[in-house]
Each structure stands twice: as structure tokens, then as C-alpha cells.
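Report on the structure given below.
Taken together, the values in this text are just the output of simple stated rules run on the coordinates, not laboratory data. Everything numeric here is computed off the predicted structure, so don't read it as measured data. Neighbour counts are summed over all protein chains in view; Cβ atoms, including those assigned to glycine, are modelled from backbone coordinates with ideal geometry.
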Amino acid sequence: MRASPRHFQQELQELLDHRLAAAARAEVEEHLQECAECRREFVALRWTKAFAAEHFAATEVPADLEKEIVQALRAEERRGRSGVIRPDFWLARRRSLLLLAAAIALAAFLAGGYFLLRRDLPESLARS
């Protein structure tokens, strides 16, 4: 059978997450057998998901992070309405925001270092 003329970028992630209906899953799996480009992308997505699960699942998240994100979104919404954001928003959340920024920077640094040391890993996985 011929490969489908379209590629399945969104569906690849849904296939990986087991969120496709049976008919759509069969169509995407058939396309993957015939399309090297989509197959490489699927392998890269699968590798990325496995890497993230292995290296970042144990990362401790602050207990009140969800609350702080909701508050930040509400403050952004208020700023959108009034054009300014109250200064006490940043003062009250400075420590939490600094901790969050430090955690993100550390994660980015570790991931960057790993990828620098293992540059060829996604490519070699995609080829196999």
C-alpha cells in the first residue's frame, strides 16, 4: 500500500500516549510502516518521553506550585485588564519564583549537559 500523502505529527503524540481510537491508530501505524520521516519522529518522541520519565519524574515539585501558577495567571489576567500589575504580587512571591527559576535552570543545565555528552543518541535511536 502507498504511504499517505499527509504526515501525522499530532497523531504521533496521541499514539504514543494511547489516546487514538482503533481506526485512527491503525491508520497511523500503517503510515509509520511506510514513512521513514514519521517513523523517525515517532522514535524521537518515544525516546524523549522515556528520557523525561526517567530523569525528571523524581524531581520534587513544591507543594503549592499549582496554587502559585493559578495566582500568577490571575494576576496576568488582571494586568491585561488594567495594563499594570500590582507590585505586591512580585514581592509576595519572590522566593517561590526564585526557587522555581532555579529548578528550571538546573533542569535545563542537566538536560543540556546530557545532550551535549550524548549528541548522537537520538539520531542513533532513530536509525535503529
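I'd like the residue in segment 1-54 that is among the acidic types (D, E) and more than 19 Å from the chain's Cα centre (by Cα) and, out of all such residues, is surrounded by the most Cβ atoms within 10 Å (Cβ to Cβ). Steps first, please.
Start the filter on segment 1-54 by keeping residues that are among the acidic types (D, E), which leaves 11, 14, 17, 27, 29-30, 34, 37, 41, 54.
Next cut, more than 19 Å from the chain's Cα centre (by Cα) only: 27, 29-30, 34, 37.
Values: E27: 15, E29: 13, E30: 13, E34: 12, E37: 9.
It comes out as E27.
Applying the selection to segment 15-47, what residues are closer than 28 Å to I104 by Cα and without any contact (Cβ under 8 Å) to a residue 12 or more places away in the chain?
Once the filter is applied, which keeps residues that are closer than 28 Å to I104 by Cα and without any contact (Cβ under 8 Å) to a residue 12 or more places away in the chain, segment 15-47 yields only D17.
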